[in-house]
1. Using the Cβ atoms and a cut-off under 12 Å, what net charge is assigned to the surroundings of Ala300, where Lys and Arg are +1 and Asp and Glu are -1?
2. So for the chain, averaging the separation of alpha carbon pairs under 8 Å that are six or more residues apart and normalising by length, what relative contact order in percent results?
3. Beyond a 26 Å Cα-Cα separation, which of these cross-linked pairs lie in this structure: Lys71/Lys309; Lys252/Lys336; Lys71/Lys248; Lys71/Lys336; Lys122/Lys252?
4. Name the residue from Leu340, Ser193, Ala102 whose Cα lies farthest towards the positive end of the charge dipole of the chain, charges +1 on Cβ of Lys and Arg and -1 on Cβ of Asp and Glu.
5. Show log10 I(q)/I(0) for the chain at q = 0.08, 0.14 Å⁻¹, two decimals, from a solvent-free Debye sum over equal Cα scatterers.
6. Express in whole angstrom the spacing between the alpha-carbon centres of the range 55-102 and the range 116-164.
7. How much length is gained if the chain between Thr341 and Ala51 is pulled fully straight, taking 0.36 nm per residue apart and subtracting their Cα-Cα distance, in nm to one decimal?
8. Provide the per residue accessible area, probe 1.4 Å, for the chain, rounded to a whole number of square angstrom.
Amino acid sequence: MLVLMAGGVATAVALTGGEKDREPPKGAGVSDTGASGETDEPQPVPEPEPAPADPGLVLAAPDVEAPGVEKVLAMAGRTGGVRVARLGDVDTVVVDGVERSAPEGGRLVAFRLARWACGSEKCRPWDQLGLKVSVDGVRQALPTAASRDTFVVAVPADAREVDLVMRADGLTQTLSLLDAKPGRGNIAVLARSGRLDRVGARFTMTERTSTPFSYDGVDRVSVPRVVTVSRAELIWFHDDARPSSPRKAFLKVRSSYTIPLGSYAGVENAFEAREMVFVAGDGTTYEARDLDESDGGVDAVFEVPAGLKGGRLVLGGGSYPVVSGSTQFTRTLTRKSITLTFG
């Protein structure tokens, strides 16, 4: 600073010597160490990207949480069944401590398996069914390991079909792991729930004949039938018989009657096929089919759509001719309707 005197007035004039004479702003371009733009803090090391899994590979992945499945996705045979309880894409999978990503351009599809009812009372668990995964026709068995029910398949970019495959009872059934749909040849009725209605009905009907008969030493043209309808079930396997299509089912009704007179009181009798029909909810009438080819035997079922929700079992309501030995007569049975419902 230089001070000049002019006319008794002091004037201050600042002399600049350049930026080097100024104090730099605090913290501007200077690190804590005094070196501009430098720091002693360690820089984070980027984690390596997981390596892609081999295309088509199926891995056991018990720690993977696959997305939920909104609808029932299952398949079954006579003695075993399986349900896909969870299904969907995941980003990565860790197997034996190594993280894997999807193949280039592909997907990682995770799925969890669970038990499912079969076509008999004794059903094997899914891990005894020899299940395989097919990727565009190339099949491989599921990895076997105790307590593992979740798997991941590395789907190639160009894959068109990825299926869970079950072969049993002379049939090949599939569940798509890409669009959660059953195969066209699957047994539809065994893939649904609500196949049983425990009816538990008991009632009395009246049988009339054009010729009198004696049951207890008294000739009668009219006798009571005490009827029991215990249950109705949608099935596919019935001994050696099968419905005409995997999209069909047998409706099997357990029913019987007794005539409470004399020695006949404790004898259970089966309804003849012509004494009953089934009327579905849409009004379609199905005639009973007798699967027992022996004389006098009755083993009746109705062949109905596999997706049947319910309808009415109609017993009696008509007359028909009967031949018993050398006797010909007409039998008339009063009508009774029982509602059946399937979930």
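The values are calculated or read from the model by the stated rules, or taken from the named source; none is laboratory data. Fair warning: this is a prediction, and the values are worked out from it, not measured in the lab. We place every Cβ from the backbone using ideal geometry, glycine too, and count neighbours over all the protein chains shown. Please note that ligands, DNA and RNA were not included when accessible areas were found on the heavy atoms of the full protein model with its side chains. Shrake-Rupley method; radii C 1.70, N 1.55, O 1.52, S 1.80 Å.
1. Counting the neighbours of Ala300, the net charge comes to -3.
2. About 11 percent, as a whole number.
3. Lys71/Lys336
4. The one lying farthest along the dipole's positive direction is Leu340.
5. Result of the Debye calculation: -0.61, -1.09.
6. Using only Cα atoms to place each centre, the spacing works out to 9 Å.
7. Numbers: separation 290, 0.36 × 290 = 104.40 nm, distance 5.32 nm.
Fully extending the segment from Thr341 to Ala51 adds 99.1 nm.
8. Value for the chain: 58 Å² per residue.
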